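Enquirer: Take a look at the following structure, please.
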């Protein structure tokens, strides 16, 4: 933990030194809230400290979800460390951006969704899930394409009923009802035009055309993701049913986000941050099954490759 956190803080320090993502900029923002945030004279130190604290908060919630649901039997902090490591070495994403708000919404969405396991009457919880997805869609509209995945998860968790489905839909729509009221009051409906254009701004497989050798860390993550997939399928008998279903949902979420990356190639860095949410738990689950020496070597190989990828991209750009 000490080595990983030190390496992550080193990357944050280099980002601070080179002013990565500073000052704040506006990129395809739907609501004007982020524009107002970008207009604030935020000192560079405050900007990076706030971004670091948000990442630590999200990593802590991921670890709590893993502990509460006992997704990993061994007492370990790998889920926290993987997310912190991956986000700290992600140079394509500013330290604090609209994607950070999306990640906060999605990690609490996972927490609420997992609480609805085998609770068909958990309409309040699923309403909260819809609200979080809808609010995240205001800052990154492509996140709304995760809605069918949420319904699949509700079906997997035996929580999909007519009332729960309607509750999740109302939760999503209520956010945009408030936006509609704001548009009527301001006599400006460009927000919905921007929302539609962002949802349909497809650029199929552009990630393949724009792939560079400093993306090798991404290949390793995908490789470990598929290794976790095969491990989950072959070692399913040793897991409790609840754990197996929750891990299967996280695996489906990872594959779903990979599909969105291939469709929305221009938002690759933002989708990578979303991908790190389920991948950090799946990688921790996969590493748990290894012999301690193999785990030790592979973990530090991932850490070294992530840091080298960060330095290489920093040197190029």
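Enquirer: If you check 270, 306, which single one turns out to be part of a helix (DSSP H, G or I) and touching a strand residue (DSSP E or B) at 6+ places or on another chain (Cβ under 9 Å)?
Expert: Testing whether each residue is part of a helix (DSSP H, G or I) and touching a strand residue (DSSP E or B) at 6+ places or on another chain (Cβ under 9 Å) leaves just 270.
Enquirer: Which residue is surrounded by the fewest Cβ atoms within 10 Å (Cβ to Cβ), if the candidates are limited to the range 27-49 and must be modelled with pLDDT under 80 and part of a helix (DSSP H, G or I)?
Expert: By that ranking, first place goes to 36.
Enquirer: Tell me yes or no: at least one residue of the range 60-77 is modelled with pLDDT of 70 or more, closer than 30 Å to residue 186 by Cα and surrounded by 23 or more Cβ atoms within 10 Å (Cβ to Cβ).
Expert: Checked against the condition, which is being modelled with pLDDT of 70 or more, closer than 30 Å to residue 186 by Cα and surrounded by 23 or more Cβ atoms within 10 Å (Cβ to Cβ), the range 60-77 yields no hits at all.
Enquirer: Need at least 2 residues that are within 27 Å of residue 285 (Cα to Cα) and at pLDDT 80 or above per element, so show me which helices (runs of 4 or more DSSP H) inside the range 118-227 make the cut, counting only ones lying wholly within it. Let's see the steps before the verdict.
Expert: Values: elements: 123-139, 147-156, 162-186, 190-199, 206-209.
Because the criterion is at least 2 residues that are within 27 Å of residue 285 (Cα to Cα) and at pLDDT 80 or above, the helices (runs of 4 or more DSSP H) in the range 118-227 that meet it are 123-139, 147-156.
Enquirer: Residue 248 - would you say it is at pLDDT below 75, surrounded by 15 or more Cβ atoms within 10 Å (Cβ to Cβ) and farther than 29 Å from residue 312 by Cβ?
Expert: no
Enquirer: Can you tell me which residue among 20, 24 is surrounded by 15 or more Cβ atoms within 10 Å (Cβ to Cβ), closer than 21 Å to residue 53 by Cβ, under 21 Å from the mean Cα position of the chain (by Cα) and at pLDDT below 75?
Expert: That would be 24, the only listed residue that is surrounded by 15 or more Cβ atoms within 10 Å (Cβ to Cβ), closer than 21 Å to residue 53 by Cβ, under 21 Å from the mean Cα position of the chain (by Cα) and at pLDDT below 75.
Enquirer: What about residue 309, is it touching a helix residue (DSSP H, G or I) at 6+ places or on another chain (Cβ under 6 Å) and surrounded by 23 or more Cβ atoms within 10 Å (Cβ to Cβ)?
Expert: No.
Enquirer: What tally of residues in the range 58-92 results from selecting those that are closer than 26 Å to residue 312 by Cα and not in a helix (DSSP H, G or I)?
Expert: 4
The values are calculated or read from the model by the stated rules, or taken from the named source; none is laboratory data. Remember, predicted model here, so these are calculated numbers, not experimental data. Cβ atoms come from the backbone with ideal geometry, glycine included; neighbour counts cover every protein chain shown.
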